[in-house]
Amino acid sequence: MARPAVRRPETPLHTSIVWFRRDLRLADHPALVAALAGGGRVVALYVHAPDEEAPWQPGGASRWWLHHSLATLDAALKERGGELVLARGPTLAALLDVARATGARAVHWNRTYEPALTARDTAIKAALREAGLEATSHAGNLLFEPWTVRNGSGEPFRVFTPFWRALAGRLAEVAAPLPAPSAVPAATRKAQGVPLDALGLLPRIRWDAGFAAQWTPGEAGALARLADFLDADAAGYADQRDRPDLTGTSRLSPHLHFGEVSPRQALVASHAVLEREGARRGTESFLREVGWREFGHHLLYAFPHTTERPMDPRYERFDWRPDPALLGAWQHARTGIPIVDAGMRELWHTGWMHNRVRMIAASFLVKNLQQPWLDGARWFHDTLVDADLASNTMGWQWVAGCGADAAPYYRVFNPVLQSERFDPARAYLRRWLPELARLPDEWLHRPYAAPPPVLAAAGVVLGREYPDPVVDLAGSRVRALEAWQRLRGDAPAPAGNAPRRRPAPR
């Protein structure tokens, strides 16, 4: 049955809805610029509809960030004469209701690329047009649309280096970021929204104190972080970004995920300092990381099944060994491997984990513990403030060896060697594992190997102050390689231990 057309009362100026999503900013916002063209009025609308993102609804950390980012966006709009209207889903019903209430003639939004949202947005665009509204989506969240970057055969890239080479050769095509509008005139007729607190984004048990101490959500915080990084940290980025004990990364990932700063803004700002003495190598390394973000979104668009299934179909029959006790020990920083536990504590307390430690912790889960990569991906999605579905999927499949340009499964990180190399002063371990802080440097990376008198002098009783390792690193590495060889057919599976499929997602 056709939907009734939305009645459009006469208004002095045309009114458009700007449907905000992962673009919680006013600068470099193509949908907002289109709505304001010709002196139009704007209904700035955010619709909270997490069920429409299933099975990857925003986790607790993302919801915390979203609450504060929406508050700052509303304040920025009010400074320019507008306001943010908040609504609950279903999204299509909310858009039609707001259009009727305000007399809006058009809906503008910037595209996202997650599989569930792409399908939803396509259906919404058709329904809005059927209802007599102009419905236009814009490119505002990537440097290039995913369907515009292809290899020589016209297929999506599966390897990062040639992808980045192709992308880097086209960076001159990227348009300059759009300035933030000086005014955002609100519609003359108001829509009834809901209060921000009614969305229930903040935790009922306030575990977020560490988040507030670490982060400043919102566009102003994003731009300040970008400026601080390029002014002070970019020069050393190439050399320090793998050191979790140093402030060597940009920490822009949550701001980019929520669209508080656009990749075009990051690109242009980075180019502005490329000629600075000592900053070239670091800034170019940072731009390459922006390229990795782009690569993840291009992969997700081209291979949407990878959010739930491996890109390499052989891994559908990989011999994962799901064990709730092992998974729980990893989630709650009780593995007995210091660098892994330090990273998981950093994640829990701050909503973020250093990228090098993410790789170490992920490798330990899927290889040493032989737990399904999807279980790790779900935990990160729930606990990271930068829980970007594209980057998270790409990263976990990379570590598990089953994705695009993946690390071979036989590459098993040794967490002790990684810890010694990238936390040489033990500052990261001592910060997040204070119960081990009195151990001598020689034993801090591997307390389970320390002589009993050394442990006693440091006040450490393994199994009490700090857990014994849940797995032997050398033995678990051998078992991981044996599982990989069975997958390849190089060695027979042990009797009674035939490869089995991963359990259905819970």
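The values are calculated or read from the model by the stated rules, or taken from the named source; none is laboratory data. This structure is a prediction, so every number in the text was calculated from the model and none was measured. Note: ideal-geometry Cβ built from the backbone for every residue, glycine included; neighbour counts use all protein chains shown.
Points worth noting:
- Flag for R378 being part of a loop (DSSP other than H, G, I, E, B), surrounded by fewer than 21 Cβ atoms within 10 Å (Cβ to Cβ), of a type in the set (K, R) and at pLDDT 95 or above: no
- Search result, residues across region 202-239 that are outside the structural domain of E284 (by TED's automatic domain parsing), in contact with a helix residue (DSSP H, G or I) (Cβ under 6 Å, 6 or more places away or on another chain) and aliphatic (A, V, I, L, M): L202
- Selected residue (criterion: modelled with the highest pLDDT) from residues of region 406-424 that are of a type in the set (F, W, Y), surrounded by 18 or more Cβ atoms within 10 Å (Cβ to Cβ) and within 22 Å of Q371 (Cβ to Cβ): F413
- Extreme residue, farthest from P447 (Cα to Cα), among residues of region 482-506 that are at pLDDT 50 or above and hydrophobic (A, V, I, L, M, F, W, C): L487
- Scanning region 208-221 for any residue that is out of contact with any His (no Cβ under 8 Å at 6 or more places or on another chain), closer than 18 Å to D74 by Cα and not aliphatic (A, V, I, L, M) turns up at least one such residue.
- Residue in region 182-196 that is of a type in the set (K, R) and over 27 Å from G82 (Cα atoms) present: no
- The conditions of being of a type in the set (K, R), at negative phi, modelled with pLDDT under 90 and in a loop (DSSP other than H, G, I, E, B) are not met by R309.
- Subset of region 172-197 [closer than 22 Å to D51 by Cα and touching a His at 6+ places or on another chain (Cβ under 9 Å)]: V194, L196, D197
- Applying the set (1) under 28 Å from T72 (Cβ atoms); (2) touching a Gly at 6+ places or on another chain (Cβ under 9 Å) to T306 leaves exactly one unmet item: (1).
- Residues within region 328-340 that are crowded, with 24+ Cβ neighbours inside 10 Å and either aliphatic (A, V, I, L, M) or in a helix (DSSP H, G or I) (or both), tallied: 5
- Qualifying residue in region 61-80 (condition: assigned to a loop (DSSP other than H, G, I, E, B) and either of a type in the set (A, V, I, L, M, F, W, C) or surrounded by fewer than 22 Cβ atoms within 10 Å (Cβ to Cβ) (or both)): yes
- Any hit, region 430-447, residues being at pLDDT below 95 and under 25 Å from the mean Cα position of the chain (by Cα): no
- Inspection of region 462-481 identifies no residue that is exposed (fewer than 12 other Cβ atoms within 10 Å of the Cβ), in a loop (DSSP other than H, G, I, E, B), more than 30 Å from the chain's Cα centre (by Cα) and at pLDDT below 90.
- Qualifying residues in region 163-182 (those that are small (G, A, S) and surrounded by 12 or more Cβ atoms within 10 Å (Cβ to Cβ)) - the one modelled with the lowest pLDDT: A168
- Any helices (runs of 4 or more DSSP H) falling wholly within region 194-275 and containing at least 2 residues that are buried (at least 18 other Cβ atoms within 10 Å of the Cβ): 219-228, 253-257, 263-272
- All positions within region 425-453 that are buried (at least 16 other Cβ atoms within 10 Å of the Cβ) and assigned to a helix (DSSP H, G or I): Y428, L429, R430, W432, L436, W443, L444, P447, Y448
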